[in-house]
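Everything below concerns the one structure shown next.
Every read-out reported here was derived from the displayed coordinates using simple, explicitly stated rules and does not represent laboratory data. It should be emphasised that the depicted structure is a prediction, and the values quoted were computed from it without experimental measurement. Cβ sites come from the backbone with ideal geometry, for glycine too, and all protein chains shown count toward neighbours.
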């Protein structure tokens, strides 16, 4: 019953917060400038859609902290530890989004600047987590610090960028995150603190999908994609099950891999493997509708996650 209470309160709060943000964004003309080298249809259809809707996530997480503290589902200190990565990641995403808005450009932070900011956040966080909590590949298998810090940093930075590149079609990234969180709740048995944070995240995501489903009324922006990547990693870390990020991030991994393959092919072999990367744009240019791509990618993510979870469960 308490789980339902938490979910419903965060869901309602998030719906109200997002609706308010959309209204404010329209007044402030806070739209997302589409990349000129992206699909031209996006320039025509998505250029006037409000962006940075992901600013709702950190606010909703504060409400979750208050509720969970009141419910006795964790101390304030432990709750802050779990949320600090998604908050820090969201700040990096917000800086990128804000620069895009102020310059009225599709380019915010340079790739190197964004990577540097991610490194400055993730490496100290990884070292602190290893020191205070320890990193377990799966329950009972703790990693040595010299392996845990670089591995956790690599996975976290990878996820930050993977969720970011996946967020290119209405509902794609947020729907995949919902699938990941549901899989987490069904698969991983954790304490009330971890499961409560997962439930709160699920409520935020469902509320956001209400507005982000095609045709989207708002985009999450880098602030949202970075936050979601951060909370997925944090949930796995505090469940003592780092390897769980592999099935939970299945689709995001495919998307970032497609970008890597495309870049290597262009720079090393002077040719393209895909018509455009990330992968969802390739299928757009093949003539698939946006709803077809999103629905099929959700299915691929679900199937991939189930297969990988089954394999990991055999370990």
Original post:
Is at least one residue of the range 228-236 more than 12 Å from the chain's Cα centre (by Cα) and either surrounded by fewer than 20 Cβ atoms within 10 Å (Cβ to Cβ) or over 26 Å from residue 130 (Cα atoms) (or both)?
Top reply: no
**OP:** Pick out the one residue from 105, 144, 189, 113 that is within 30 Å of residue 291 (Cβ to Cβ), surrounded by fewer than 15 Cβ atoms within 10 Å (Cβ to Cβ) and more than 19 Å from the chain's Cα centre (by Cα).
**Re:** 105
Original post:
Taking the range 278-299, which residues are assigned to a loop (DSSP other than H, G, I, E, B) and either in contact (Cβ under 8 Å) with a residue 60 or more places away in the chain or within 18 Å of the chain's Cα centre (by Cα) (or both)?
Top reply: 278
**OP:** Would you mind stating whether residue 155 is assigned to a helix (DSSP H, G or I) and either farther than 24 Å from residue 255 by Cβ or in contact (Cβ under 8 Å) with a residue 60 or more places away in the chain (or both)?
**Re:** yes
Subject >> Qualifying residue in the range 251-270 (condition: out of contact with any strand residue (DSSP E or B) (no Cβ under 7 Å at 6 or more places or on another chain), assigned to a loop (DSSP other than H, G, I, E, B) and farther than 24 Å from residue 148 by Cα) >> reply: yes
Subject >> Selection within the range 182-200 - part of a helix (DSSP H, G or I) and without any contact (Cβ under 8 Å) to a residue 60 or more places away in the chain >> reply: 182, 185, 186, 198
Subject >> Pair list, Cβ under 9 Å, 6 or more apart: the range 300-314 residue on the phi > 0 side of the Ramachandran plot and touching a residue at least 40 places away in the same chain (Cβ under 8 Å), other residue surrounded by 15 or more Cβ atoms within 10 Å (Cβ to Cβ) and assigned to a helix (DSSP H, G or I) >> reply: none
**OP:** Could you please let me know if residue 76 is crowded, with 20+ Cβ neighbours inside 10 Å, farther than 22 Å from residue 18 by Cα and out of contact with any strand residue (DSSP E or B) (no Cβ under 8 Å at 6 or more places or on another chain)?
**Re:** no
